[in-house]
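*Asks:* Quick one: structure below, then a few questions.
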Amino acid sequence: SEISRDLAEARDIQAERSANLTTANAELGKISGNDDAAGAEAARQEALSRMGDAAERIINEHIAGKLLRWAIDRFRETKQGPMLARASEIFSGLTLGSFSKLVVDFESDPPRLDGLRPDGRTVGIAGMSDGTRDQLYLALRLAALEMHIGQGHALPFVADDLFINYDDKRALAGFEALAKLSEMTQVVFLTHHAHLLDTARKVFGSSANIVDLAAY
């Protein structure tokens with residue numbers, strides 16, 4: 001706010017100096033070979049000098065504004081909440097590195113959550129595939145659950161066919177994320193897709209308790 005006020009003041013000064021210069025040039029035009037010409041020229045030079053000072057001040061204020069914006073963005077980048085940082089880590093794993101992390105676009109109103117590609121491009125939720133959106137929601141859910149478990153009692157996590165829109169590789173990454181969660185609380189995974197059993201066994205090994213409900 002202070003920078004904005006200073007910038008507005010500098011612009012007012014520039015406008016005033018410009019008006020003074022115009023007046024001085026008009027007076028100079030009226031002078032024809034008398035002693036007032038030297039005074040008019042001096043006034044013109046003074047006006048030019050003051051305009052230069054005003055322009056320099058505007059440049060300094062503009063640079064200060066840019067630096068302030070950079071500092072704000074840097075602070076947001078380095079001090080983002082632990083939940084977003086953890087969700088970013090999970091999301092990157094679930095998407096097999098297709099996204100490097102999650103970022104918040106504070107310039108939009110309201111602020112918007114985006115995915116950041118390794119090449120620096122951002123993708124909004126609307127631009128993600130159904131599978132990627134599922135992985136985003138799972139990453140946010142697991143991150144929030146991990147934080148909750150760290151602060152209170154660990155309740156079982158029940159998942160009902162989370163991986164419907166996942167291919168085999170991302171299903172494997174999904175089970176690996178659940179394996180990490182299983183170190184903190186019990187995970188119950190319900191599915192009617194038999195091919196996921198092999199993937200679950202690959203991740204959990206003999207520690208997985210697989211129950212075929214069709215047998216009961």
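*Asks:* Please go through the range 168-216 and pick out each residue that is under 27 Å from Arg133 (Cβ atoms) and not in a helix (DSSP H, G or I). Walk me through how you get there before you give the answer.
*Replies:* Of the residues in the range 168-216, the ones under 27 Å from Arg133 (Cβ atoms) are 168-200, 202-204.
Once the filter is applied, which keeps residues that are under 27 Å from Arg133 (Cβ atoms) and not in a helix (DSSP H, G or I), the range 168-216 yields Glu183, Met184, Thr185, Gln186, Val187, Val188, Phe189, Leu190, Thr191, His192, His193, Ala194.
*Asks:* Tell me, yes or no, whether the range 91-104 has at least one residue that is open to solvent by 20 Å² or more (accessible area, probe 1.4 Å), touching a residue at least 24 places away in the same chain (Cβ under 8 Å) and of a type in the set (Lys, Arg).
*Replies:* no
*Asks:* What is the one condition in (1) open to solvent by less than 70 Å² (accessible area, probe 1.4 Å); (2) assigned to a strand (DSSP E or B) that Val158 does not satisfy?
*Replies:* Against the list (1) open to solvent by less than 70 Å² (accessible area, probe 1.4 Å); (2) assigned to a strand (DSSP E or B), Val158 comes up short only on (1).
*Asks:* Residue check, Ala144 against (1) open to solvent by 50 Å² or more (accessible area, probe 1.4 Å); (2) over 25 Å from Asp167 (Cβ atoms); (3) part of a helix (DSSP H, G or I); (4) not β-branched (Val, Ile, Thr), all met but one. Which one?
*Replies:* Just one mismatch for Ala144, condition (1).
*Asks:* A further question on this structure: Among the listed residues Ile63, Ile58, identify the single one that is open to solvent by less than 80 Å² (accessible area, probe 1.4 Å) and within 30 Å of Gln14 (Cα to Cα). Lay out the reasoning, then the answer.
*Replies:* On the way: Ile63 fails: open to solvent by less than 80 Å² (accessible area, probe 1.4 Å).
Answer to the selection: Ile58.
*Asks:* Output the number of the condition that Phe157 fails; it satisfies all remaining conditions of (1) at pLDDT below 90; (2) under 23 Å from Val211 (Cβ atoms); (3) touching a Ser or Thr at 6+ places or on another chain (Cβ under 8 Å).
*Replies:* (1)
*Asks:* If you go through the range 72-94 one residue at a time, do you hit one that is closer than 23 Å to Glu9 by Cβ and at pLDDT below 80?
*Replies:* Within the range 72-94 (the criterion being closer than 23 Å to Glu9 by Cβ and at pLDDT below 80), the answer is yes, since at least one residue qualifies.
*Asks:* Which residue pairs have Cβ atoms closer than 6 Å, lie 6 or more positions apart in sequence or on different chains, and pair a first residue in the range 5-30 that is within 16 Å of His62 (Cβ to Cβ) with a second residue that is of a type in the set (Val, Ile, Thr)?
*Replies:* Partner pairs satisfying both residue conditions: Ala10/Ile58.
*Asks:* Exactly one of these conditions fails for Asn165: (1) over 17 Å from Gly93 (Cα atoms); (2) of a type in the set (S, T, N, Q); (3) open to solvent by 70 Å² or more (accessible area, probe 1.4 Å). Give me its number.
*Replies:* The one condition Asn165 does not meet is (1).
*Asks:* So which of Leu197, Leu181 ends up being aliphatic (A, V, I, L, M) and either open to solvent by less than 40 Å² (accessible area, probe 1.4 Å) or under 31 Å from the mean Cα position of the chain (by Cα) (or both)?
*Replies:* None of the others qualify; the one that does is Leu181.
*Asks:* Looking at (1) touching a helix residue (DSSP H, G or I) at 6+ places or on another chain (Cβ under 8 Å); (2) of a type outside the set (Val, Ile, Thr); (3) at pLDDT 90 or above, which is the one condition that is false for Leu116?
*Replies:* Leu116 satisfies all of (1) touching a helix residue (DSSP H, G or I) at 6+ places or on another chain (Cβ under 8 Å); (2) of a type outside the set (Val, Ile, Thr); (3) at pLDDT 90 or above except (1).
*Asks:* Further, regarding this structure: Look at Asp130 and say whether it is exposed (fewer than 12 other Cβ atoms within 10 Å of the Cβ) and of a type in the set (Asp, Glu).
*Replies:* Details: exposed (fewer than 12 other Cβ atoms within 10 Å of the Cβ): yes; of a type in the set (Asp, Glu): yes.
Considered against the rule, which asks whether it is exposed (fewer than 12 other Cβ atoms within 10 Å of the Cβ) and of a type in the set (Asp, Glu), Asp130 comes out as yes.
The values are calculated or read from the model by the stated rules, or taken from the named source; none is laboratory data. Model, not experiment: these values are computed from the prediction. Don't worry about glycine lacking a Cβ; one is built from the backbone with ideal geometry, like all the others, and counts go over all protein chains shown. When the accessible area is computed, the model is the full protein with side chains, heavy atoms only, and any ligands, DNA or RNA have been set aside. Shrake-Rupley method; radii C 1.70, N 1.55, O 1.52, S 1.80 Å.
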